[in-house]
Amino acid sequence: MGDVQYISKEKKKELEKELEYLKTEKRMEIAEALETARGFGDLSENAEYHEARKAQAEMEDRIREIEVLLATAKISTKTGKKGEVVVGSVVELLKKGDKSKITYSIVGAAEADILENKISNMSPLGQALLGKKKGDEFTFESPAGKVDYKVLDVK
């Protein structure tokens, strides 16, 4: 599971929508901006033209990035042995020595968002959690040092 990119069905739809927008409306907007900037004269000293070219390059990079992700990513279907942490699982953890529980969703790297407690299956904690079951205890090497966790629940 380490090198495979996973995305949810929702993320796939979101990426397809973004790709469609970039290939149609955004490409047209940038083409118009380039045309307008060309009208300002000497291209070597034309800041508007250079800005529009930069925006075009960034957009084309994003289009390629989305196309590759959509072509190669697997849709997370939350399959695995019953009660085992896989991509798509929601895991409730207790840090040893701490009374408060924390809940994480295990997602593919494209959807990771620590502010929403969505951690990537490729992150160190995500990798440490894969395959764990309710009741399992494990040690995780965090940037601050070793941390002991107990898996309270897997959904």
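None of the figures in this text is laboratory data; all of them are computed from the coordinates on show. These numbers were taken from a predicted model, which means no experiment stands behind them. For neighbour counting, all protein chains shown are included, and Cβ atoms are generated from backbone atoms with ideal geometry for every residue, glycine included.
Table for the structure above
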| read-out | value |
| --- | --- |
| Longest to shortest principal axis, alpha-carbon extents of the chain, angstrom | 69, 32, 24 |
| Residues in the range 3-41 that a label on residue 103 would reach, taking backbone N under 20 Å of a point 7 Å out along Cα→Cβ | 8-11 |
| Gain upon complete extension [residue 35, residue 116; 0.36 nm per residue less C-alpha separation] | 25.0 nm |
| Relative contact order (%) - the range 1-141, alpha-carbon pairs under 8 angstrom, separation at least six | 26 percent |
| Ascending count of other beta-carbon atoms within 10 Å, so fewest first, for 6, 21 | 21, 6 |
| Estimated translational D of the range 90-154 in µm²/s (Stokes, Kirkwood radius over Cα pairs; 20 °C; 1.002 mPa s) | 180 µm²/s |
| Least to most buried among 30, 102 (fewest other Cβ within 10 Å first) | 102, 30 |
| Local electrostatic count at residue 66 - Lys and Arg +1, Asp and Glu -1, tallied over other residues with Cβ under 9 Å | -2 |
| Helix 47-72 vs. the chain, principal-axis angle (Cα, 0 to 90°, nearest 10) | 40 degrees |
| Inter-site label distance for residue 17 and residue 137 at 7 Å from Cα along Cβ, in nm | 4.5 nm |
| Relative contact order [Cα under 8 Å, 6+ residues apart], the range 1-78, whole percent | 56 percent |
| Per-residue [θ]222 nm for the chain (sum of -39500 (n - 2.57) over DSSP H runs n ≥ 4, rounded to 500) | -12000 deg cm²/dmol |
| Alpha-carbon centroids, the range 43-71 and the range 134-149: separation in whole Å | 42 Å |
| 18 Å Cα-Cα threshold exceeded, pairs from 17/155; 12/155; 9/118; 101/134; 118/155 | 17/155; 12/155 |
